[in-house]
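Here's the structure we're looking at; comments come further down.
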Amino acid sequence: MGTSALGTIMNSVRVPEIRKKLLFTAAMLALYRLGAYIPAPGINVHAVDQIQKQFAGSNVLGFLNLFSGGSLSRFAVFALGIMPYITASIILQLLQVVVPSLEKLRKEGEVGQQKITQYTRYLTVALAFFQSIGYVFLFRTFVRQEGSDQIIKGGFTFSSVLVIVLALTAGTVLLMWLGELITQRGIGNGISLMIFASIVARVPHGVQSWWTNPDQVFKVMMPFIALGVIAAIVFIQEGQRRIPVQYAKRVVGRRMAGGQQTYLPLRVNMAGVIPVIFAASLMAFPPTIGQLVQSGWARDFSNFLNPNGAPYVIGESLLIIVFTYFYTAVTFNPVEQADNLKKYGGFIPGVRPGRPTAEFLDRILARLTFPGALYLAAVAALPTILINQTSANFFFGGTSILIVIGVALDTMKQLEAQLMMRNYEGFLK
């Protein structure tokens with residue numbers, strides 16, 4: 001697997017067109033990481049340094065800081081990360097099920113999708129604006145608790161707060177734009193790659209945490225556990241059920257066409273890492289509000305949904321299962337697939353074309369989606385369960401591992417597809 005991936009990367013670098021896309025993607029990600037180290041205008045960096053312990057450990061702020069690549073703990077211009085955009089995407093996708101006008105837009109194809117994307121952007125700006133206000137007041141509370149200087153150099157005034165809020169909101173809008181640029185002109189999904197870069201940027205801290213762990217048994221066993229989990233994730237991610245498809249012979253002009261046998265690949269985890277990202281974003285939202293409100297009941301609620309607690313693990317697991325079914329239903333329509341097979345003279349041996357084929361595919365998909373959803377939920381919950389049962393401290397949770405491996409596999413597949421398309425073009429020329 002590693003040799004194949006390395007060979008794919010080396011072959012991609014040799015193709016000028018793909019090399020440009022790779023360089024463009026790397027440049028956008030580098031710009032994203034640069035913004036993680038630029039403080040928001042007017043922020044007292046010394047005061048922010050005094051409250052770093054608030055972002056340590058496995059609390060919700062530490063979780064959000066991991067997904068922002070450390071930007072939140074530095075109060076950088078990209079402190080909000082891409083999470084407001086993901087939250088807005090979740091809200092719009094859920095609203096498409098209950099709001100008839102949005103469902104109608106979804107069925108209109110590309111034009112309707114562009115309109116939904118526009119609504120997502122507007123909602124992202126609104127969420128980022130209000131979230132940045134909350135973070136300013138939250139940091140102010142932390143600084144007061146530490147007895148440090150003011151969080152804002154010129155004092156906590158309306159104009160200074162407004163400048164910071166606008167800067168953080170603009171940072172999120174810029175990240176949203178960079179993510180769309182990567183998707184359009186680079187390799188892979190831009191938003192997923194940004195989350196990937198944020199998590200990978202924290203790898204040195206994870207290695208240091210593992211190396212300095214006093215538990216010698218954990219220090220020896222951790223690499224083997226990590227390799228085992230990675231191998232299991234790759235095995236399930238690549239697993240698929242191949243449905244045989246036979247195409248009937250047809251006379252096209254003076255030639256006989258068709259008659260070939262192929263297969264329809266149905267992946268065990270057809271939804272990829274999207275359910276994990278959605279579930280993590282949704283579960284982080286209530287505790288974030290609890291941290292921002294800073295009242296007694298809000299803090300209790302935030303502690304109740306601590307990422308290391310049982311309620312959080314159960315809630316995230318249930319959301320992962322729900323989103324896996326939801327996203328699989330969105331990406332694969334059995335009725336549409338059955339109609340396409342019937343249109344082009346294809347059929348599944350032993351199954352009649354049309355509605356029986358759609359019911360057959362739907363039944364197979366339901367059987368595949370259930371173990372796929374359980375697998376995603378189990379891997380996301382595994383590190384937390386191990387932390388609670390042992391004294392070991394895993395720097396990265398199952399959610400982070402799933403996202404990193406899933407995004408890496410999807411990006412490699414897109415890279416291989418680009419290479420294959422390039423080879424076909426060369427052959428035709």
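The values are calculated or read from the model by the stated rules, or taken from the named source; none is laboratory data. Predicted model, so just to flag it, every value in this text is computed and none were measured. As a convention, Cβ positions derive from the backbone with ideal geometry for all residues, glycine included, and neighbour counts pool all protein chains shown. Quick note on the areas: whole protein, heavy atoms, side chains included, nothing else; ligands and nucleic acids left out. Shrake-Rupley method; radii C 1.70, N 1.55, O 1.52, S 1.80 Å.
Points worth noting:
- Subset of segment 328-346 (residues that are surrounded by fewer than 17 Cβ atoms within 10 Å (Cβ to Cβ) and aromatic (Phe, Trp, Tyr)): Tyr344
- Number of positions in segment 23-48 that are part of a helix (DSSP H, G or I), open to solvent by less than 60 Å² (accessible area, probe 1.4 Å) and at pLDDT below 85: 2
- You will find that of Gln118, Gln131, the residue that is farther than 17 Å from Ile289 by Cα and either acidic (Asp, Glu) or within 32 Å of the chain's Cα centre (by Cα) (or both) is Gln118 and no other.
- Only one entry in Glu103, Glu146 is of a type in the set (Asp, Glu), open to solvent by 50 Å² or more (accessible area, probe 1.4 Å), at pLDDT below 85 and more than 22 Å from Ile274 (Cα to Cα), namely Glu146.
- Figure legend. Inter-residue proximity from segment 1-22: first residues over 17 Å from Lys413 (Cβ atoms), second residues at pLDDT below 80 and in a helix (DSSP H, G or I), beta-carbon distance below 9 Å, spacing 6+ or different chains. Indicated pairs: Glu17/Gln418; Glu17/Arg422; Arg19/Ser12; Arg19/Val13.
- Residue within segment 71-87 that is in contact with a helix residue (DSSP H, G or I) (Cβ under 9 Å, 6 or more places away or on another chain), at pLDDT 80 or above, assigned to a helix (DSSP H, G or I) and of a type in the set (Gly, Ala, Ser) present: yes
- Any hit, segment 323-332, residues being closer than 21 Å to Thr384 by Cα, hydrophobic (A, V, I, L, M, F, W, C) and at pLDDT 80 or above: yes
- Just one of the listed residues (Tyr312, Tyr325) is open to solvent by 70 Å² or more (accessible area, probe 1.4 Å) and either of a type outside the set (Asp, Glu) or in a helix (DSSP H, G or I) (or both), namely Tyr325.
- Count of segment 49-70 residues, restricted to those that are open to solvent by 60 Å² or more (accessible area, probe 1.4 Å), more than 19 Å from Phe137 (Cα to Cα) and part of a helix (DSSP H, G or I), is 0.
- The condition (being within 30 Å of Lys21 (Cβ to Cβ), open to solvent by less than 70 Å² (accessible area, probe 1.4 Å) and of a type in the set (Ser, Thr, Tyr)) is satisfied by just one residue among Ser192, Ser160: Ser192.
- Long-range neighbours under 6 Å by Cβ, at least six apart or interchain, first residue in contact (Cβ under 8 Å) with a residue 24 or more places away in the chain and within 15 Å of Ile195 (Cα to Cα) within segment 157-181, second open to solvent by 10 Å² or more (accessible area, probe 1.4 Å) and in a helix (DSSP H, G or I): Met176/Tyr85; Leu178/Met28; Gly179/Ile191
- Positions within segment 275-290 being of a type in the set (A, V, I, L, M, F, W, C), open to solvent by 10 Å² or more (accessible area, probe 1.4 Å) and either more than 15 Å from Ile91 (Cβ to Cβ) or more than 14 Å from the chain's Cα centre (by Cα) (or both), in sequence order: Phe285, Ile289
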